[in-house]
Amino acid sequence: MKKSFDKISGSAIGLVSRSVPSFFNETIYFVDFVLRYLFDKNADDPFDDKEKYLVNAYQRARSNVYYFAANDYLKQKGKEYDVELFKLAIEHKASIGDERILCNTRSRVVSKVLAHWLFCFLGFIFNKKVDGKDYVRSWVDVSLEIYGGDGKNYLLYPFGIKLVRQFNFIKELRKKNIPFQFSAYRYSSVKLLKWVVTGKDVDLADLEISAFKNHAEVLFKTYSPQKIFTTDEFEPASFALNERLIELGVYVENTAHGVGMYSPFVVYSKFNVFNDSQIRYYEVLSKGIDYSVIQRDVESYKSKAVKTIVFVDQLLKNDGSFLEYSRLEVFKKLKFASELNGYTFYIKSHPNSSVNYGDYSENLMEFDVECCDAPIFFTFFSTAYMTFEKFGPTFLIQDEVCDPSLIFGDFARVVHIGKLEEFLNDLSRPSLFD
């Protein structure tokens, strides 16, 4: 493969990053591009396990394929796109298997494998025989929040993102006297060495799929489970594990990680999701699953008079992204409408933010949102849309490229950026929050 494929120009990456929302890889458009570009296939065509893994892996990676797809999306939308990047995509189309398109470094994968080997050793030393038929595959506390501990045994897998969080999870399990076992994938040293030498994506797929299939056999032989509960749609090879478990007669139930969309190829007995958009996304390639929408209470705000406008910012740093540029236009409109109509305007920054807000620093909220006087909230596509609703009506902002209903579903409250000023000037109308 030519060197130019490995090093897309910074200007092209910059254009795509500031023009396309970060959730683009969670759209059906992106998945369709991957199928067409890499495999010349449609969703209804058959896929082997390695192809399934690669589609799932490319969905998560900020690889060259991502930038090709996003650039193509801009072209289809009639927006500015990078001509050279478009030509490069055509030049290097669908040379799958012998290439290294994924951005997985050898050190990252080897570290992951070593962590799983360590957990295998810990399991050999510390695991005790347990009774029970229901098991939860878990990494951190979110699994306990979703599934609880009554009558369930927890299988604990390595979590490399934040070790402190996993240590705290272990302490919580012990404190609540919930039984847990160390669990891990038994990666093949031979397959690992082969991938380290070749660096080919197809060899990485072979390494992962064989480990996940083997793990299904280990789980069944060791625990004889009737039901397994999990939150593993983020793992590209999870379909291989769960497909085998179901073949062995195990009921496998998964609950989604919030409103995000992950691996397009998944296999479950039941999949609990948060909205209809997630069902549409996963059903394209993962049929035959019992999808269930998690019900949640939605407040009614018809009689509440708005006094405060709050923009919930999800930007972590000044990075030249779509989010950084688009929110400035929203800031301007929200501040102008607030001054015109006598509202107070605040910006709620992200807890991990290091953003320089410049002229809008005076609008930063320095107190808890609970203290706001009759607020209305706006955000682009932050999951705060779901959590801030208990404090006041919350709206997602849409433009020609960013459609948050793709993530939050058809029934989400959405206002187009082009109609934002008109919307803000009439916040007292009775039908506003229907």
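The values are calculated or read from the model by the stated rules, or taken from the named source; none is laboratory data. This structure is a prediction, so every number in the text was calculated from the model and none was measured. Note that each Cβ is placed from the backbone with ideal geometry, even for glycine, and that neighbours are counted across all protein chains shown.
When 211, 205, 184, 216 are checked against the criterion of being touching a residue at least 12 places away in the same chain (Cβ under 8 Å), buried (at least 19 other Cβ atoms within 10 Å of the Cβ) and under 22 Å from the mean Cα position of the chain (by Cα), a single residue qualifies: 205. Exactly one residue out of 122, 38 is buried (at least 17 other Cβ atoms within 10 Å of the Cβ), aliphatic (A, V, I, L, M) and farther than 29 Å from residue 324 by Cβ, and it is 38. Before we move on, is residue 410 under 18 Å from residue 276 (Cα atoms), in a loop (DSSP other than H, G, I, E, B) and in contact with a helix residue (DSSP H, G or I) (Cβ under 7 Å, 6 or more places away or on another chain)? Yes, satisfied.
If you go through segment 383-396 and keep only what is crowded, with 22+ Cβ neighbours inside 10 Å and either within 23 Å of residue 19 (Cβ to Cβ) or basic (Lys, Arg) (or both), you end up with just 385.
Candidates are the residues of segment 252-265 that are modelled with pLDDT of 95 or more and more than 16 Å from residue 293 (Cβ to Cβ); the one that is surrounded by the most Cβ atoms within 10 Å (Cβ to Cβ) is 264.
Within the group 159, 182, which residue is among the aromatic types (Phe, Trp, Tyr) and either at positive phi or modelled with pLDDT under 95 (or both)?
Values: 182 fails: either at positive phi or modelled with pLDDT under 95 (or both).
Going through 159, 182 in turn, the sole match is 159.
Are any of the residues in segment 276-286 surrounded by fewer than 19 Cβ atoms within 10 Å (Cβ to Cβ), outside the structural domain of residue 55 (by TED's automatic domain parsing) and touching a Pro at 6+ places or on another chain (Cβ under 8 Å)? The answer is yes, given that some residue of segment 276-286 is surrounded by fewer than 19 Cβ atoms within 10 Å (Cβ to Cβ), outside the structural domain of residue 55 (by TED's automatic domain parsing) and touching a Pro at 6+ places or on another chain (Cβ under 8 Å). Close Cβ contacts (under 6 Å, 6 or more residues apart or on different chains) running from residues in segment 297-325 that are of a type in the set (D, E, K, R) to residues that are at pLDDT below 80 and in a loop (DSSP other than H, G, I, E, B) comprise 302/433.
Residue by residue, here is whether (1) more than 19 Å from residue 323 (Cα to Cα); (2) touching an Asp or Glu at 6+ places or on another chain (Cβ under 7 Å); (3) β-branched (Val, Ile, Thr); (4) outside the structural domain of residue 314 (by TED's automatic domain parsing) holds:
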{"residue": "10", "(1), (2), (3), (4)": "no, no, no, yes"}
{"residue": "13", "(1), (2), (3), (4)": "no, no, yes, yes"}
{"residue": "22", "(1), (2), (3), (4)": "no, no, no, yes"}
{"residue": "44", "(1), (2), (3), (4)": "yes, no, no, yes"}
{"residue": "59", "(1), (2), (3), (4)": "yes, no, no, yes"}
{"residue": "65", "(1), (2), (3), (4)": "yes, no, yes, yes"}
{"residue": "71", "(1), (2), (3), (4)": "no, yes, no, yes"}
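Only one residue in 291, 282, 357 is modelled with pLDDT of 90 or more, aromatic (Phe, Trp, Tyr) and in contact with a Leu (Cβ under 8 Å, 6 or more places away or on another chain). Which one?
Numbers: 291 fails: in contact with a Leu (Cβ under 8 Å, 6 or more places away or on another chain); 282 fails: in contact with a Leu (Cβ under 8 Å, 6 or more places away or on another chain).
Exactly one residue qualifies, and that residue is 357.
Could you say which residue among 140, 136 is in contact with a Lys or Arg (Cβ under 6 Å, 6 or more places away or on another chain), part of a loop (DSSP other than H, G, I, E, B), surrounded by 14 or more Cβ atoms within 10 Å (Cβ to Cβ) and among the β-branched types (Val, Ile, Thr)?
On the way: 136 fails: part of a loop (DSSP other than H, G, I, E, B).
It is 140.
Quick grid of which residues meet (1) modelled with pLDDT under 80; (2) not in a loop (DSSP other than H, G, I, E, B):
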site: 70; (1), (2): no, yes
site: 79; (1), (2): no, no
site: 85; (1), (2): no, yes
site: 93; (1), (2): yes, no
site: 96; (1), (2): yes, no
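The numbered conditions (1) touching an Asp or Glu at 6+ places or on another chain (Cβ under 8 Å); (2) part of a helix (DSSP H, G or I) are all true for residue 353 except (2).
Checked against (1) assigned to a helix (DSSP H, G or I); (2) at pLDDT 90 or above, residue 47 passes all but condition (1).
Under 20 Å from residue 253 (Cα atoms), in the same structural domain as residue 218 (by TED's automatic domain parsing) and either at pLDDT below 95 or surrounded by fewer than 19 Cβ atoms within 10 Å (Cβ to Cβ) (or both), is that true of residue 151? Yes: the conditions hold for residue 151.
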